[in-house]
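Since every read-out is calculated from the coordinates, none of them should be taken as a lab result. Owing to the predicted nature of the structure, the values given are computational and were not obtained by experimental measurement. Glycine also receives a Cβ, built like all others from the backbone with ideal geometry; neighbour counts cover every protein chain displayed.
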Amino acid sequence: MSNEHLVYVVDDDDAVRRSAAFMLRHAGFQVRPVESGVAFLKLAKNAERGCVLLDVRMPEMSGLEVQQEMVRQGIDMPVVILTGHGDVEIAVQAMRAGAINFLEKPYEKEALLAAMEEAFERLENSELKEMESSEAKIRLACLTGRERDVLDGLMTGYPNKTIAYDLGISPRTVEIYRANMMEKLRVRSLAEALRIGFAAEAGETAQVKPIQN
């Protein structure tokens, strides 16, 4: 990993910032720890471009609010969201808003490095999003109706039990459909499956054009 790759670690928890910074520096990244979302936004507009490891639950501004403000201000830096256990719905909201990935605390070093490497791939390849949209639609075409229903539920942020209730099937059956869906999409994590779903969704939205009078 090139040491030109800069990661902003934005978290109000000093221990989390230190831990993430330690792992990233040892992997060859440059790291700039930032103690809050407000502080990050103050420096980000004119800062060196990099990727952002952004905690969701922070005082003053949440990670989602920071992400929204980045979009409003035109701060184009890929974001990887840090969430606590059980914050899948929040992670889904973040990914729908453009986050590259999410990591659930506590996370493994390998998961952190993989997420950041993917974020920098996105940073360096401006055409990647468009290519993903086309590929995502092809990959989703292999799913059965029920497998797509389960993915749609996950994209909404629902847990397996809620999806099971909505579809009139058992949670265990949802787990089976979910496992089959992830195998067909060739993904190893929920974040990867969500990204494919959102990429296809974004491509469909982009194709909708207003009717000309």
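For helix 190-207, what angle does its Cα long axis make with the longest principal axis of the chain, in degrees from 0 to 90 and rounded to 10?
Between helix and principal axis, roughly 80 degrees.
Using only the alpha carbons of the stretch 1-70, determine the length spanned along each of the three principal axes and report them from longest to shortest in whole angstroms.
Principal extents (largest minus smallest coordinate, Cα): 32, 27, 14 Å.
DSSP loop (so not H, G, I, E, B), at most 11 other Cβ within 10 Å: list which GluC sites (Glu not before Pro) in the stretch 80-119 pass both filters.
Within the stretch 80-119, the qualifying GluC sites (Glu not before Pro) (loop, at most 11 other Cβ atoms within 10 Å) are 108.
Apply the Karplus curve 6.51 cos²θ - 1.76 cosθ + 1.60, θ = phi - 60°, to the phi angles in the stretch 68-81 and return the couplings in whole Hz, x for Gly and Pro.
After applying 6.51 cos²θ - 1.76 cosθ + 1.60, I find 4, 5, 4, 4, 4, 8, x, 7, 8, 10, x, 10, 10, 8 Hz.
May I have the convex hull volume per residue, in Å³, for the Cα set of the stretch 76-120? Could the numbers behind the result be given before it?
Working: hull volume 2.5 nm³, N = 45.
Spread over its residues, the Cα hull of the stretch 76-120 gives 55 Å³ apiece.
Reachable aspartates and glutamates from residue 105, Cα under 17 Å, same-chain residues fewer than 8 places away excluded?
Qualifying aspartates and glutamates at Cα under 17 Å: 11, 12, 13, 14, 55, 87, 89.
Classify the chain: rounded, prolate or oblate, from the alpha-carbon gyration tensor (a ≥ b ≥ c, eigenvalue square roots; a/c under 1.5 rounded; otherwise prolate if a/b is larger than b/c)? If you can, show how the numbers build up before the last one.
On the way: a/c = 1.80, a/b = 1.46, b/c = 1.24.
It is prolate, given that a/c is not under 1.5 and a/b is the larger ratio.
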